[in-house]
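Undergrad: What follows is a single structure, and I will ask about it in a moment.
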Amino acid sequence: MIGEAVKLLLRSRSAIAFTGAGISAESGVPTFRDPNGLWRNHKPEELATPEAFKRNPELVWDFYRWRMELIRKARPNDAHLALAELERMGIIRAVITQNVDDLHREAGTENLIELHGNIFRVKCTSCNYSEDLKKSGRLEEFLKGNGVPKCPNCGSQLRPDVVWFGEPLPKEALEKAFELASKADLVLVIGTSGVVYPAAYIPYIVKERGGRVIEINPKGSGITPIADLFIPLPAGKAMRGILD
Ligand code: BV8
Ligand code: ZN
């Protein structure tokens, strides 16, 4: 199985990777839909919405500060590191991720497309102010705060710069991802349940164009039906095998 995946990867000319929350599970970041994915008896889907933010911005900020605190302690695992290595070897062109945890960038992936934004970036709900808290060095101060942070520019509420359910994905990221998928002859799908659209179209676009789909996931997903090769292993173990 792993040998088969290596053969397909080495034969491909324009392979890409498509990842979901499962690739970060071994870094200790809870996924969205696995049993432990719940947060204080709220479902993430209920909190990651503009309606929830309108109704109770403090609760939504509590949720995101909790996740930022958790994620900043997380380290990229062997799967993130292997993808960065495969990019350096010229075997994969880009990583398209649904994750907002910044772990692919920390692992060294250069050509990264974040379809759902980044949890360490905030933006204003009125003006076009936005801030990368890691770059600005204000992450610590931000996490110590509570309640709803205000825009230093215009005083309106700040929000996490992530895509909530019911919100459109960033245009340029989505276009670039679809363009890469339409040219890919192989997509390595790692750790996604394949239920969230339009991101979940990516492997289907590769398949439609005659490309190969390799899936790494301990369980079946919405992508498994179109997988040419399904590797029922956790991402770290599978990617160590592929790299060795
Ligand atoms: C939009 C950012 C329109 C926030 C996220 C009905 C049918 C079809 C679609 C819809 C519908 N109703 C609503 C929709 C649209 C909706 C959608 O798809 N909903 C789903 C739930 C049905 N989509 C949207 O709302 C999108 N926007 O459609 O806008 C529009 C257009 C124009 C103008 C206006 C509006 C926006 C979707 C983006 C939502 N934001 N994240 C945040 O993170 O706080 S999505 C969220 O889910 C995360 O980003 C997560 O990554 C993503 C997808 O989940 P997965 O990554 O797959 O994670 P999951 O937990 O589901 O699965 C984990 C997998 O890992 C499992 O398979 C597990 O087996 C595996 N695993 C576990 N351990 C390991 C592992 N794998 C490997 N190794 C391991 N160790
Ligand atoms: Zn503002």
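Undergrad: Could we say that residue 202 is crowded, with 19+ Cβ neighbours inside 10 Å, modelled with pLDDT of 95 or more, of a type in the set (A, V, I, L, M, F, W, C) and not in a helix (DSSP H, G or I) here?
TA: No, not satisfied.
Undergrad: Of all residues in the stretch 181-199, count the ones that are outside any loop (DSSP other than H, G, I, E, B) and either hydroxyl-bearing (Ser, Thr, Tyr) or open to solvent by 50 Å² or more (accessible area, probe 1.4 Å) (or both).
TA: Here the count works out to 2.
Undergrad: Pairs please, first residue from the stretch 72-92 and among the small types (Gly, Ala, Ser), second anywhere and surrounded by fewer than 19 Cβ atoms within 10 Å (Cβ to Cβ), Cβ atoms under 6 Å, 6+ apart in sequence or on different chains.
TA: 74/28; 82/243; 84/108
Undergrad: If residue 165 passes every condition in (1) surrounded by fewer than 16 Cβ atoms within 10 Å (Cβ to Cβ); (2) more than 12 Å from ligand 1 (Cβ to nearest atom); (3) in contact (Cβ under 8 Å) with a residue 40 or more places away in the chain but one, which one does it miss?
TA: (2)
Undergrad: Here is a list: 9, 103. Which entry is within 14 Å of the chain's Cα centre (by Cα) and either open to solvent by less than 10 Å² (accessible area, probe 1.4 Å) or on the phi > 0 side of the Ramachandran plot (or both)?
TA: Selected residue: 103, the only one of 9, 103 that is within 14 Å of the chain's Cα centre (by Cα) and either open to solvent by less than 10 Å² (accessible area, probe 1.4 Å) or on the phi > 0 side of the Ramachandran plot (or both).
Undergrad: Considering 16, 2, 23, which residue is closer than 22 Å to residue 195 by Cα and touching a Gly at 6+ places or on another chain (Cβ under 7 Å)?
TA: None of the others qualify; the one that does is 23.
Undergrad: Mind checking which pairs have a first residue in the stretch 9-25 that is under 17 Å from residue 222 (Cβ atoms) and a second that is part of a helix (DSSP H, G or I), Cβ under 7 Å, 6 or more apart or different chains?
TA: So the pair list comes out as 18/202; 18/203; 22/235; 23/79; 23/80; 23/235.
Undergrad: Right, something else. Within the stretch 36-52, restricting attention to residues that are open to solvent by less than 30 Å² (accessible area, probe 1.4 Å) and part of a helix (DSSP H, G or I), which residue is modelled with the highest pLDDT?
TA: If we take residues in the stretch 36-52 being open to solvent by less than 30 Å² (accessible area, probe 1.4 Å) and part of a helix (DSSP H, G or I), then 52 is modelled with the highest pLDDT.
Undergrad: I would also like to ask the following. Take the conditions within 25 Å of residue 233 (Cβ to Cβ), open to solvent by less than 20 Å² (accessible area, probe 1.4 Å), away from ligand 1 (no atom under 16 Å from the Cβ) and not aromatic (Phe, Trp, Tyr) and apply them to residue 84. Does it pass?
TA: It is true that residue 84 is within 25 Å of residue 233 (Cβ to Cβ), open to solvent by less than 20 Å² (accessible area, probe 1.4 Å), away from ligand 1 (no atom under 16 Å from the Cβ) and not aromatic (Phe, Trp, Tyr).
Undergrad: List the number of the failed condition for residue 126; all other conditions in (1) open to solvent by 50 Å² or more (accessible area, probe 1.4 Å); (2) within 16 Å of ligand 1 (Cβ to nearest atom) hold.
TA: (2)
Undergrad: Right, something else. Under the condition of being part of a helix (DSSP H, G or I) and out of contact with any strand residue (DSSP E or B) (no Cβ under 7 Å at 6 or more places or on another chain), which residue from the stretch 205-232 is nearest to ligand 2 (Cβ to nearest atom)?
TA: Step by step, filter the stretch 205-232, then rank; the result is 205.
Undergrad: Between a residue in the stretch 229-243 that is assigned by TED's automatic domain parsing to the domain that holds residue 25 and any residue that is assigned to a strand (DSSP E or B) and among the basic types (Lys, Arg), which pairs come within a Cβ distance under 9 Å, given they are 6 or more apart or on different chains?
TA: If the second residue must be assigned to a strand (DSSP E or B) and among the basic types (Lys, Arg), the pairs left are 229/212.
Undergrad: Ok, one more. Can you pull out every residue in the stretch 103-154 that is out of contact with any strand residue (DSSP E or B) (no Cβ under 9 Å at 6 or more places or on another chain) and within 13 Å of ligand 2 (Cβ to nearest atom)?
TA: Within the stretch 103-154, 127, 128 qualify.
Undergrad: Still on this model: Determine whether residue 140 is among the acidic types (Asp, Glu) and open to solvent by less than 40 Å² (accessible area, probe 1.4 Å).
TA: Answer is no for this residue.
Undergrad: Which residue out of 55, 33, 72 is open to solvent by 90 Å² or more (accessible area, probe 1.4 Å) and farther than 22 Å from residue 223 by Cα?
TA: Step by step, each of 55, 33, 72 is checked, and only 55 is open to solvent by 90 Å² or more (accessible area, probe 1.4 Å) and farther than 22 Å from residue 223 by Cα.
The values are calculated or read from the model by the stated rules, or taken from the named source; none is laboratory data. Bear in mind that the values here come from a model prediction, so they are computed numbers and not experimental data. Quick reminder, even Gly has a Cβ in these numbers, built from the backbone with ideal geometry, and neighbours come from all protein chains shown. Surface accessibility is based on the protein's heavy atoms, side chains included, excluding ligands, DNA and RNA. Shrake-Rupley method; radii C 1.70, N 1.55, O 1.52, S 1.80 Å.
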